[in-house]
């Protein structure tokens with residue numbers, strides 16, 4: 001009896017096993033590696049070695065600021081897979097009048113630059129979104145005039161970048177969004193040696209510099225002194241005050257009519273410095289003196 005029951009149980013188990021559908025664990029198959037997440041890294045302003053070398057060369061050719069535009073590859077993934085609008089392949093300048101604290105690009109030259117870039121098949125996001133300029137001092141922090149220029153010229157763009165390279169090697173880059181609620185953020189600056197790049201062309205770069213950059217000699221000494229006085233953190237100070245004044249003079253029909261000598265400019269600067277010190281002293285409460 002017991003043996004018969006065991007045989008019946010064995011038969012039922014076999015039938016159950018045959019009727020149960022076969023299953024395969026997903027771990028039996030090879031799983032493709034997961035892509036590394038870029039979350040937390042954020043956008044980065046990258047320079048090709050060629051563009052970085054050219055920007056450094058222009059910075060060191062003279063004692064003034066210089067400005068230009070960053071050229072990026074096509075931003076359409078369909079036409080250029082893997083492209084990055086924040087990768088600068090080239091740095092291009094236009095005719096400009098420069099001092100130690102100001103840069104004024106020629107309007108006609110900028111218009112011609114835009115026409116040339118469109119004729120070459122580029123879109124605005126490739127040639128008119130990244131504004132690059134240098135500071136002859138050690139601070140790369142934007143001045144109040146830099147901020148005004150960025151707002152006036154690039155404020156209506158869907159996105160734009162202001163990037164600054166100081167003579168001491170310091171860098172500053174800020175990405176600004178003009179769509180949706182808007183916003184802005186500081187982004188790091190890197191040189192990407194993994195991208196293809198041509199060799200340096202120092203002779204051609206120097207020719208471009210000499211053709212496009214005109215150094216202002218009027219107020220030259222005052223400009224240099226203002227740049228020296230500029231605070232390392234870019235805070236408003238007397239140099240910024242002169243920055244504003246000189247900017248207004250440059251926008252006048254004939255700012256040469258002021259005809260101030262270096263000695264007169266220095267006297268004005270010293271007088272205003274003394275006035276500022278006197279004002280600050282008067283603002284100190286009497287009980288703290």
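Taking only the Cα atoms of region 110-212, the ratio Rg/Rh comes out at 0.98, with Rh defined as the Kirkwood radius. Counted by neighbouring Cβ atoms within 10 Å, the residues 135, 202 run from fewest to most as 202, 135. Counting neighbouring beta carbons within 10 Å and listing from fewest to most, the residues 185, 162 come out as 185, 162.
Would you list 71, 161, 187 from fewest to most Cβ contacts within 10 Å?
Working: 71 20, 161 24, 187 17.
If I rank by nearby Cβ atoms, fewest first, I get 187, 71, 161.
Would you mind calculating the gained length between residue 195 and residue 106 on full extension (0.36 nm times residue separation, minus the Cα-Cα distance), in nm to one decimal? Show your work: numbers first, answer last.
Details: separation 89, 0.36 × 89 = 32.04 nm, distance 3.24 nm.
Length gained between residue 195 and residue 106: 28.8 nm.
For region 38-197, the equivalent ellipsoid built from the Cα gyration tensor has semi-axes of 22, 18, 17 Å, listed from largest to smallest.
Since every read-out is calculated from the coordinates, none of them should be taken as a lab result. Just so we're clear, the structure is a prediction, and the values are computed from it rather than from any experiment. Neighbour counts are summed over all protein chains in view; Cβ atoms, including those assigned to glycine, are modelled from backbone coordinates with ideal geometry.
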